[in-house]
Amino acid sequence: MEQTQAYYDFCIPYNADEKIMRATLKELIELGYKTIAIDQIFDHSKKEAAKRGAEMFPDPQSIEHLRKEFDSKLKILQRITILYVDVNVSHAMSVSMNLRKFNLIAGQPKTDAALTVSKYAIHQNVINSSVYLQHCCTSFNGDIITFDSLGGCRLLVNRKAYQIAIRRGIYFELKYSPAIADSNYRKDMIKVAQNYCTKGKSRNIIFSSGAANEFQVRSPCDVANLAFIFGLSEDQGKNAINRFGRQLFLRAESRRLGKTIMFVKGNGPIVFSDSESGEEDNEMDTLG
């Protein structure tokens, strides 16, 4: 299994221009990041996706040359963000072999239907806004729930769906680079963050950049300070780029490999007690 170190940025969009890609990775290294994920977008709602047949999802982009180039300085993972409008994506994900090649899977609903359809509504073929269990929180077989502020999608969850997502080990992602670029996006992001704070006390929140270039990346300390704006505590802000990143990676590896991962660490030499043998000798002396 791959080893990771803090700090984490799990959303660096893939760019075919390797010059921009390398510049962004070098900036991340300079700022102190050790583990990042290059994000690949897949829109399940497009007609082209339906024409792909049984294997609907694409292969990961080839980034082995980048991994070799930055091997000693940066751990590079691969992530896919799936945009979808209905719950049929669940079946496609369950039979896909290509998805297992990605380290991380993120879900990004594009419509209210994708957010509000529950298992009951699926069986009844009914989409009702009064159904409060959100599919992405309850049934999506991924690791991260994200939203696109640039596309105008505001992912607002209710309390029950948030609690279900927490129990399933899913993390909610907040991307800060759109908030830097535009004040309107900043308002949307604050609104979503406050919703997470109100409904679930901002548990399982991670910060990612979503940076398209090196100028949109910020240092881990600056990112952690965003916690005060988004309604998180100081510890939650630090965990969003550190401890939760490690937990998310382990959870994703368990899903991908179908195994539970445990680490055993020794605290010192093992000392065997001879108290039982001593008690037996005392008993023999007593009987004698």
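The values are calculated or read from the model by the stated rules, or taken from the named source; none is laboratory data. Treat the numbers as computed from the prediction; the structure is a model and nothing was measured. Cβ coordinates were reconstructed from backbone atoms using ideal geometry, including for glycine residues, and neighbour counts include every protein chain displayed.
Below are the figures for this structure:
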item: Residues of segment 183-201 that turn out to be of a type in the set (Ser, Thr, Tyr) and within 26 Å of residue 28 (Cα to Cα), as a count; result: 2
item: Count of segment 97-125 residues which are at pLDDT 55 or above and surrounded by 16 or more Cβ atoms within 10 Å (Cβ to Cβ); result: 10
item: Every residue from segment 38-53 that is modelled with pLDDT of 95 or more and touching a helix residue (DSSP H, G or I) at 6+ places or on another chain (Cβ under 9 Å); result: 38
item: Residue match in segment 215-225 (condition: modelled with pLDDT under 95, within 30 Å of residue 160 (Cα to Cα) and outside any helix (DSSP H, G or I)); result: no
item: Members of segment 158-213 found to be more than 25 Å from residue 253 (Cα to Cα) and of a type in the set (A, V, I, L, M, F, W, C), listed by number; result: 179, 180, 181, 189, 190, 192, 193, 197, 212
item: So residue 210, is it surrounded by 15 or more Cβ atoms within 10 Å (Cβ to Cβ), under 30 Å from residue 17 (Cβ atoms) and at pLDDT 90 or above; result: yes
item: Conditions (1) farther than 22 Å from residue 25 by Cβ; (2) buried (at least 19 other Cβ atoms within 10 Å of the Cβ); (3) free of Cβ contacts under 8 Å to residues at least 60 places away in the same chain; number of the one not met by residue 177; result: (1)
